[in-house]
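The values are calculated or read from the model by the stated rules, or taken from the named source; none is laboratory data. These figures come from a predicted structure and were not determined experimentally. Positions of Cβ are backbone-derived with ideal geometry, glycine not excepted, and every protein chain shown enters the neighbour counts.
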């Protein structure tokens, strides 16, 4: 198993100007690793990371969209896999951080923990490419190729939490952060 912060550190080196949609525990790690105006954090988005990412991918086809979803979050919106596959945005990269828990809600185990094949679900839903990583060395070696594939691409990351990141919801969801995101996209308020 990989540590989430170490895995995200590798990923951050490959997406300096990409829009990154991150929710809950992934968001707290991501904002520490890659503070950037193009980070998109949505209030109350459990289960909606892929849907928000799809909207951004369709609205900004010239930008790569990286979605950092949780396994518990994805289980709350499995239908989004079919919707993403049908829309087939070539700029959409869906990373699911699989740790077997609803981490943001007390680390309660997800149903069928250890038996759910998230990569298989994505392929069955119609994603043309799906990968799985559980070792940092192979992730580091292969991530460039994965991000070069036309989307939608699904990546199951078998992770454990790394160093604890501050869970500062006020900072994560601050109006100033949303304003900076809009400005980075060139959108008027």
Residues satisfying the stated conditions in the stretch 156-189, i.e. under 21 Å from residue 96 (Cβ atoms) and modelled with pLDDT of 90 or more: 156, 157, 158, 159
Filtered residues of the stretch 28-60 (kept if under 13 Å from residue 181 (Cβ atoms), in a helix (DSSP H, G or I) and in contact (Cβ under 8 Å) with a residue 40 or more places away in the chain): 31
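For every residue, the table says whether it meets (1) surrounded by fewer than 20 Cβ atoms within 10 Å (Cβ to Cβ); (2) under 17 Å from residue 170 (Cα atoms).
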| residue | (1), (2) |
| --- | --- |
| 1 | yes, no |
| 4 | no, no |
| 13 | yes, no |
| 27 | no, yes |
| 31 | no, yes |
| 42 | yes, yes |
Residues of the stretch 68-90 satisfying the condition of being surrounded by fewer than 21 Cβ atoms within 10 Å (Cβ to Cβ) and either in contact with a strand residue (DSSP E or B) (Cβ under 6 Å, 6 or more places away or on another chain) or free of Cβ contacts under 8 Å to residues at least 24 places away in the same chain (or both): 79
Looking only at the stretch 29-41, and only at residues there that are in contact with a helix residue (DSSP H, G or I) (Cβ under 7 Å, 6 or more places away or on another chain) and over 22 Å from residue 146 (Cα atoms), the one that is modelled with the lowest pLDDT: 41
Those residues of the stretch 142-181 which are free of Cβ contacts under 8 Å to residues at least 12 places away in the same chain and either surrounded by 15 or more Cβ atoms within 10 Å (Cβ to Cβ) or touching a strand residue (DSSP E or B) at 6+ places or on another chain (Cβ under 8 Å) (or both), in sequence order: 142, 178
Subset of the stretch 15-25 (residues that are surrounded by 22 or more Cβ atoms within 10 Å (Cβ to Cβ), at pLDDT below 95 and not in a helix (DSSP H, G or I)): 22, 23
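From the residues in the stretch 130-141 that are free of Cβ contacts under 8 Å to residues at least 40 places away in the same chain and assigned to a strand (DSSP E or B), which one is farthest from residue 89 (Cα to Cα)? Give the steps one after another, and end with the answer.
To start, the set of residues in the stretch 130-141 that are free of Cβ contacts under 8 Å to residues at least 40 places away in the same chain comprises 130-132, 137-138, 141.
Next, only the ones that are assigned to a strand (DSSP E or B) stay: 130-132.
Details: 130: 15, 131: 17, 132: 20 Å.
Within the stretch 130-141, the match that is farthest from residue 89 (Cα to Cα) is 132.
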Pair list, Cβ < 6 Å and 6+ apart or interchain, from the stretch 1-22 residues that are more than 22 Å from residue 138 (Cα to Cα) to residues that are part of a helix (DSSP H, G or I): 19/56; 21/49; 21/52; 21/53; 22/30
Any hit, the stretch 113-129, residues being modelled with pLDDT under 80, closer than 21 Å to residue 24 by Cα, part of a strand (DSSP E or B) and over 15 Å from the mean Cα position of the chain (by Cα): no
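Considering each residue of the stretch 130-141, count those that are crowded, with 19+ Cβ neighbours inside 10 Å and either modelled with pLDDT under 95 or more than 17 Å from the chain's Cα centre (by Cα) (or both), and give that number. Walk me through how you get there before you give the answer.
From the stretch 130-141, those crowded, with 19+ Cβ neighbours inside 10 Å are 130-131, 133, 139; that's our starting set.
Narrowing the set further to residues that are either modelled with pLDDT under 95 or more than 17 Å from the chain's Cα centre (by Cα) (or both) leaves none.
Here the count works out to 0.
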